[in-house]
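Input: a single structure, listed below in structure tokens.
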Amino acid sequence: MSEIGVLIPAAGKGSRMGKKINKQFLDLLGKPVIYHTIKSFLDWQRDFELNIVLAAAEIDYFKQKILPLFSDYHQQFNVVAGGKSRKESVNNGLQNFSDKVKYVIIHDGARPMIKRELIEKSFQAVKKYGAVSCGVKVKDTIKVVENSFSKKTLARDSLRAIQTPQAFKLDLIKKAHHNYRKDKALDDATLVEELGEKVYIVEGDYNNFKITTPEDLKPAEIILKERFNV
């Protein structure tokens with residue numbers, strides 16, 4: 001068994017899409033969004049355990065409609081029921097890895113443009129630093145606004161827009177999830193930071209954005225068409 005675990009949380013409702021089905025199942029180049037996300041990891045060509053976290057009501061749909069799309073791969077899929085929050089869903093996924101797993105890579109199901117190079121870069125970094133997130137430099141000027149008035153302008157050089165994948169030593173991220181007691185966590189790296197641990201930031205990819213609104217589907221389609229020359 002591999003020392004690597006890949007966890008793809010896809011249990012969110014994606015209410016901002018305004019669709020009847022969850023965003024990870026929307027069509028993108030003739031396949032569901034989550035298909036492209038999973039395929040990027042399978043094409044990484046490393047041995048890993050794979051946990052897909054889904055809303056309990058959507059597990060049968062995934063097994064019937066999406067799993068058959070990967071019949072040419074020999075990867076074993078472990079499908080896990082999510083919880084009421086992203087944190088709870090990720091934690092459920094973390095508990096379902098075998099004792100062989102030492103590092104876990106967590107990646108949003110709705111980020112289908114992830115490149116193999118970024119996955120590999122994150123994996124190499126986590127072996128060195130123990131906790132890793134990827135992020136891109138902020139292009140726009142960022143201001144703190146209070147009561148509709150600009151209060152402060154932040155220095156862009158020190159700002160990063162955080163993405164996934166995020167990678168951690170499995171025992172560290174499990175501890176972070178267990179100890180975190182606040183109402184809401186922005187991401188898994190936040191939980192690790194709350195332990196007082198440092199999170200190393202690797203350079204992300206501007207095309208690795210999360211599909212959140214209907215307007216995101218068209219640019220995602222263009223990016224994937226260019227990548228696959230279709």
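Quick check: from the Cα gyration tensor, does the chain come out rounded (a/c under 1.5), prolate or oblate?
rounded
Over segment 96-174, what relative contact order in percent results from Cα pairs under 8 Å that are six or more residues apart?
For segment 96-174, the relative contact order is 43 percent.
What lysines could a cross-link reach from Lys65, if we take a straight Cα to Cα line under 29 Å and drop same-chain neighbours fewer than 8 places away?
Counting by Cα, and skipping residues close in sequence, Lys65 has these lysines nearby: Lys13, Lys19, Lys20, Lys23, Lys31, Lys39, Lys84, Lys87, Lys115, Lys210, Lys218, Lys225.
Pick from Leu191, Leu28, Leu67 the residue whose mean-square fluctuation is largest in a GNM of the chain, springs joining Cα atoms under 10 Å.
Checking each option, the largest mean-square fluctuation is seen for Leu67.
Among Leu67, Ser2, Val53, whose Cα sits farthest toward the positive end of the charge dipole of the chain (+1 at Cβ of Lys/Arg, -1 at Cβ of Asp/Glu, about the Cα centre)?
Farthest towards the positive end: Val53.
Label-point separation (nm) for Gln45 and Phe77, each offset 7 Å from Cα along Cα-to-Cβ?
2.3
7 Å from Cα along Cα→Cβ at both Asp99 and Asp171: what's the point-to-point distance in nm?
Label at Asp99, label at Asp171, 1.3 nm between them.
Rounded to the nearest 5, what % of DSSP beta bridges with both residues in segment 20-162 are antiparallel? Present the calculation step by step, with values, prior to reporting the outcome.
Details: 9 of 14 bridges.
Given both bridge residues lie in segment 20-162, the antiparallel proportion sits at roughly 65 percent.
Name the residue from His107, Thr141, Ile201 whose Cα lies farthest towards the positive end of the charge dipole of the chain, charges +1 on Cβ of Lys and Arg and -1 on Cβ of Asp and Glu.
Going by the charge dipole, the pick is Thr141.
Of the accessible area of the chain, with the probe set at 1.4 angstrom, what percent is carbon plus sulfur?
The value for the chain is 46 percent carbon and sulfur by accessible area.
Cα centroids of segment 164-183 and segment 70-105: how far apart, whole angstrom?
Their Cα centres are 14 Å away from one another.
Scan around Val202 for amide H atoms under 5 Å from its own, H built in the peptide plane at 1.01 Å from N, and keep only partners 5 or more places away or cross-chain.
Ser133, Cys134, Gly135
In nm, give the distance between the simple-model label positions of Leu67 and Glu215, each being 7 Å from the Cα along the Cα-to-Cβ direction.
Once both label points are built, they end up 3.8 nm from each other.
Tell me which of Leu29, Ser85, Asn96 sits at the most positive position along the dipole axis of the chain, charges placed on C-beta atoms (Lys, Arg +1; Asp, Glu -1).
Selected residue: Ser85.
Which order do the peptides 99-108, 114-123, 176-185 take when ranked by the mean count of other beta-carbon atoms within 10 Å per residue, highest first?
Ranked by mean Cβ neighbours within 10 Å, highest first: 99-108, 114-123, 176-185.
Residues of the chain: accessible area per residue at 1.4 Å, in Å²? Working shown, then result.
Working: 12750 Å² over 230 residues.
Computed with neighbouring chains in place, this is 55 Å² per residue.
With +1 on the Cβ of every Lys and Arg and -1 on the Cβ of every Asp and Glu, and nothing else charged, how large is the dipole of the chain about its Cα centre, in debye rounded to the nearest 20?
Numbers: 39 positive and 29 negative charges, 104 e Å.
So the dipole magnitude of the chain works out to roughly 500 debye.
With n ≥ 4 as the cut-off for DSSP H runs, can you work out [θ] at 222 nm for the chain, using -39500 (n - 2.57) per run divided by the number of residues, rounded to the nearest 500?
-8000 deg cm²/dmol
Can you give the accessible area of Thr213, probe radius 1.4 Å, in Å² rounded to 10?
About 40 Å², rounded to the nearest 10.
The values are calculated or read from the model by the stated rules, or taken from the named source; none is laboratory data. For clarity, every value in this text was computed on a predicted model and none was experimentally measured. A quick note on method: Cβ atoms are made from the backbone with ideal geometry, for glycine too, and the neighbour counts reach across all protein chains shown. Surface accessibility is based on the protein's heavy atoms, side chains included, excluding ligands, DNA and RNA. Shrake-Rupley method; radii C 1.70, N 1.55, O 1.52, S 1.80 Å.
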